[in-house]
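Take a look at the structure set out below.
The values are calculated or read from the model by the stated rules, or taken from the named source; none is laboratory data. What you see is a predicted model; the values in this text were computed from it and never measured. No Cβ is skipped: glycine too gets one built from the backbone with ideal geometry, and neighbour counts run over all protein chains shown.
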Amino acid sequence: MKYCRFQLNGQAHYGLVESVAGREAILRILLTAPEDSDGDVEGLRTRRIEPIALEEAELLPPVRPSKIVCVGRNYREHAAELGHEVPTEPLLFLKPNSALLAPGGVVRRPKISQRVDYEGELCVVIGKTCYHLTDDEDVRPYILGYTCLNDVTTRDLQVKDGQWTRAKSFDTFCPVGPVVADGLDPWAGVGVETRVNGVVKQSGNTRDFIFPLDVVIRHTAQVMTLFPGDLIATGTPQGVGPLVAGDVVEVSVEGIGTLRNSVVDE
Ligand code: ZN
């Protein structure tokens, strides 16, 4: 199952994404928001529309989260490249919803930063309300699917501030999409790749997570209630680097697709 959110005749809809003659297209809209399905997207009622090629659709962020939780330093080599020790438990921080950016949207580099970095990440979409899981409880029923996320960061302000809220929170700093997909298994290993202007900058695999998803979700749900539609960005592999005006940055996750955004100076 793959779905997106898109704009059609001035209205936002969720669309089922299906493969037609080797191309992805929206053939049906979902009459209920997937995050209201209690994890059963397949059972939702749909309505047929004139097919729209996914690449031609006016895409929106595919989710409307109540919060965006992120994991810092979840790949050993990325922790090392920034000169950090490997953490002993998941390191959590938040991005605000106001930072969300649609696939194809424009990342704006704020004037007060000299260094804006991409961070390509696999992102979990929560499907069911989740709080205080027991140690042996399976986390998979709480996962609606997965999407791509770019955790855009002002690296200079992150260092200057000593904490990360400002560095991670500028408007447009959370591109997400293009679709939510459920046909992948991050425990077995899923490729996460970031390209800038077509050049591969990050090439990681979720099998190298320091903390696997069950640990991350259990750890997060010990603190806060996760609601359907909430996002958990699972950390970035090694190879982070700067973006400048005119760049096109792409985050591809195996089994999901490619999240593409351009960059301008504010
Ligand atoms: Zn990150």
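Structure values in brief
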{"item": "Cβ-Cβ under 8 Å pairs, at least 6 apart or on other chains, segment 119-141 side on the phi > 0 side of the Ramachandran plot, far side surrounded by fewer than 23 Cβ atoms within 10 Å (Cβ to Cβ) and in a strand (DSSP E or B)", "result": "none"}
{"item": "Answer residue from segment 116-150, given it is among the polar types (S, T, N, Q) and over 20 Å from D208 (Cα atoms) and is modelled with the lowest pLDDT among those", "result": "T134"}
{"item": "Exclusive hit being under 29 Å from Y142 (Cα atoms) and not in a strand (DSSP E or B), set V63, V17", "result": "V63"}
{"item": "Filter result (away from the ligand (no atom under 15 Å from the Cβ) and of a type in the set (S, T, Y)) within segment 134-173", "result": "T134, Y142, Y146, T172"}
{"item": "Pairs, first within 25 Å of F6 (Cβ to Cβ) in segment 56-76, second within 10 Å of the ligand (Cβ to nearest atom) and in a strand (DSSP E or B), C-beta under 6 Å, six or more apart", "result": "I68/K95"}
{"item": "Output for segment 202-247, where each listed residue is at positive phi and away from the ligand (no atom under 16 Å from the Cβ)", "result": "G229, G246"}
{"item": "Matching residues in segment 152-179 - criterion: being part of a strand (DSSP E or B) and touching a helix residue (DSSP H, G or I) at 6+ places or on another chain (Cβ under 6 Å)", "result": "T153, T154, C174"}
{"item": "Among (1) within 14 Å of the ligand (Cβ to nearest atom); (2) not in a loop (DSSP other than H, G, I, E, B), the one test that E193 misses", "result": "(1)"}
{"item": "Filter result (more than 15 Å from E89 (Cβ to Cβ) and part of a loop (DSSP other than H, G, I, E, B)) within segment 213-233", "result": "M224, T225, F227, P228, G229, D230"}
{"item": "Which listed residue is within 24 Å of R76 (Cβ to Cβ), of a type outside the set (K, R), surrounded by 17 or more Cβ atoms within 10 Å (Cβ to Cβ) and at pLDDT 95 or above, from V176, V215, V192, V200", "result": "V192"}
{"item": "Residue that is closer than 17 Å to V179 by Cα and buried (at least 19 other Cβ atoms within 10 Å of the Cβ), where the choices are P51, P90, P65", "result": "P65"}
{"item": "Condition broken by E55, with the remaining ones in (1) under 21 Å from V263 (Cβ atoms); (2) over 20 Å from the mean Cα position of the chain (by Cα); (3) acidic (D, E) satisfied", "result": "(2)"}
{"item": "Enumeration of residues in segment 131-151 that are assigned to a loop (DSSP other than H, G, I, E, B), farther than 30 Å from P242 by Cα and among the charged types (D, E, K, R)", "result": "D135, D136, E137, D138"}
{"item": "Breaking point among (1) crowded, with 19+ Cβ neighbours inside 10 Å; (2) at pLDDT below 95; (3) over 20 Å from the mean Cα position of the chain (by Cα), for S113", "result": "(2)"}
{"item": "Subset of segment 69-115 (residues that are outside any strand (DSSP E or B), within 15 Å of the ligand (Cβ to nearest atom) and closer than 28 Å to A57 by Cα)", "result": "P96, A99"}
{"item": "Answer residue from segment 69-87, given it is over 9 Å from I210 (Cα atoms) and either touching a Lys or Arg at 6+ places or on another chain (Cβ under 8 Å) or modelled with pLDDT of 95 or more (or both) and is surrounded by the most Cβ atoms within 10 Å (Cβ to Cβ) among those", "result": "V71"}
{"item": "Qualifying residues in segment 116-130 (those that are touching a helix residue (DSSP H, G or I) at 6+ places or on another chain (Cβ under 7 Å) and either part of a strand (DSSP E or B) or of a type in the set (G, A, S) (or both)) - the one nearest to A79 (Cα to Cα)", "result": "D117"}
{"item": "Within segment 116-133, considering residues that are within 10 Å of the chain's Cα centre (by Cα) and within 15 Å of the ligand (Cβ to nearest atom), the one nearest to F227 (Cα to Cα)", "result": "V124"}
